[in-house]
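Here, each number is a calculation from the coordinates, and none is a lab measurement. These figures come from a predicted structure and were not determined experimentally. Glycine also receives a Cβ, built like all others from the backbone with ideal geometry; neighbour counts cover every protein chain displayed.
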Amino acid sequence: MRRLIKIAGLSLVMVNTTLAAGSVEESKTWTDTFPVTADKPTLIIENIWGDVRVRPGKTGEIVVSAQERRRAPDQKRFDRSLETLNLDIEADDDGVALYVGNRDRHWRGRDNCRGCRVDYQFDVTVPADTRLDVSTVNDGRIDIAGISGSVTAANVNGPIAIAEMRNCDELNSVNGEVNLGFADAPGENCNIE
């Protein structure tokens, strides 16, 4: 059973500043390690603004480092952004899922917070055979290297770069380049758009 982890308990560094004309900005940086025991763990990332970078790490753990930068035109909308644009983390022995927005995925509620934005820069290490399903929407890059598990990646308005790939399921980029480098001939069919 997946456990929901609240990001507030993971914050290591937090800076809150008020900018010109009443705008508010907050930055957080944190790292956490999640033990995994599955033969082929899973990493899911659904990001809105920002990069996703994945590299091979130690067997038996997924290590997530994240930088969060939250901005809003004023304190009222900043507070509203805390309700509509947050990070939910689900983790269990099978893997880790990181969802930016509300868990019910109605992040389009951000329209109620005009001018609000939350950038997440994810840098993750996983066991090499981890199955990846990662996406980002605006102003982000997907950068994956050295993963032997199956890869699904989607990006809108940004590039996808995968090096030393062995298997993929689906790769989709709208308004961005797709650069692929294979370690071996793919072990399965891959849909690339």
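Counting other Cβ atoms within 10 Å, keep those with at most 14, restrict to DSSP loop, and tell me which trypsin sites (Lys or Arg not before Pro) in the range 22-95 are left. Let's see the in-between values first.
Details: sites: K28, R53, K58, R69, R70, R71, K76, R77, R80; in loops: K58.
In loop regions of the range 22-95 (DSSP not H, G, I, E or B), the sparsely surrounded trypsin sites (Lys or Arg not before Pro) are K58.
Proximity of backbone amide H atoms, modeled 1.01 Å from N, is registered between D169 and V151, T152 at under 5 Å, excluding neighbours fewer than 5 places apart on the same chain.
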